[in-house]
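Colleague: Can you keep this structure in mind? I'll have questions shortly.
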Amino acid sequence: MDDIFKEVDEELREERLTKIWKRIGPYVIGILSGAIIITSAVIGYREYDETQRQNWGVQFAEAMNLSEEGNWQESLDLFDTLTEKTNLGYKTLSLFQAASLYAKNGNKEKALEIYQSLENKALDENFRDLATLMLIYLQFDNADPEILEKRIEKLASKGNPWYYNAVELKGFLFAKQKNKEKQIEIFNILSKDNKAPEGVRTRANDMLAILGEEPQK
C-alpha cells in the first residue's frame, strides 16, 4: 500500500513540475523581447545617417507590432527584409525576433539554425550569450544533459546578464535528472537572493514546495 501512495505522490510532483516548466517558456521569450526593445533604442548609431536609422527604426517597430497582433508571416517578411539591408545592429535584433517567431509557430529547426548562427556571430558577447540561453531552452527536452550543463555553466556566473535565467535552468536540469539534493541547493540560492527577478524567486519557492522543503532564510 505504501508503494502505491509513493507512486501517486511522485506522479503529482511530476505534474506540478511540468506546469511550472511550461511557465518558463513565455518568460524566456519575454526576456528576449525586453532585450530587443531596450537595445533597439540605442543600437547602430555610428554607421549610417540619422534619416536611414529612423527609417529602420520605424520598420522594426512595425514588424514588432505585426508580431504582437498575430500577423506572424507579415512580421517575418519584414524582419527578413531588415536582416538583408540594415546595419549589423538591426540585423542582429531582427534575427532574434525572427527566431522567436519561428519557435512560437512550431518551426523549431529554423529557430535553432538562427540561434546557432547568432551564438557564433552576434553583435557582442551579451547577444551571443542570449542566443545560447535560447538554444538551451529550445533543446532542453531532447539534448544530452551533459551538453546542456556545459552550455548553462557558460552563463551561470555572477556578472553575466543572464545569470539568474541560467541558474534557474540548471535547477530544472537537475529536476529532469531527478537529483533532489542539487535541486534544493539551486532553488534555495534563487529563493533567498533579493536581486533575483520576482518570477524566478516565485518559481524557486514553488519548486522547493514540490520537493517538500521550506525556503532557507
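Colleague: Note down all Cβ pairs under 9 Å where the first residue falls in the stretch 103-128 and is closer than 22 Å to Asp141 by Cα, the second is surrounded by fewer than 18 Cβ atoms within 10 Å (Cβ to Cβ) and β-branched (Val, Ile, Thr), and they're at least six residues apart or on different chains.
Modeller: Short answer, once both residue conditions are applied: Ala103/Ile29; Lys104/Ile29.
Colleague: State the number of residues belonging to the stretch 60-106 that are over 18 Å from Lys121 (Cβ atoms) and not in a helix (DSSP H, G or I).
Modeller: Residues meeting the conditions: 5.
Every read-out reported here was derived from the displayed coordinates using simple, explicitly stated rules and does not represent laboratory data. Everything quoted here is computed from the prediction, not taken from an experiment. In this analysis, Cβ positions are derived from the backbone assuming ideal geometry, glycine residues included, and neighbour counts consider all displayed protein chains.
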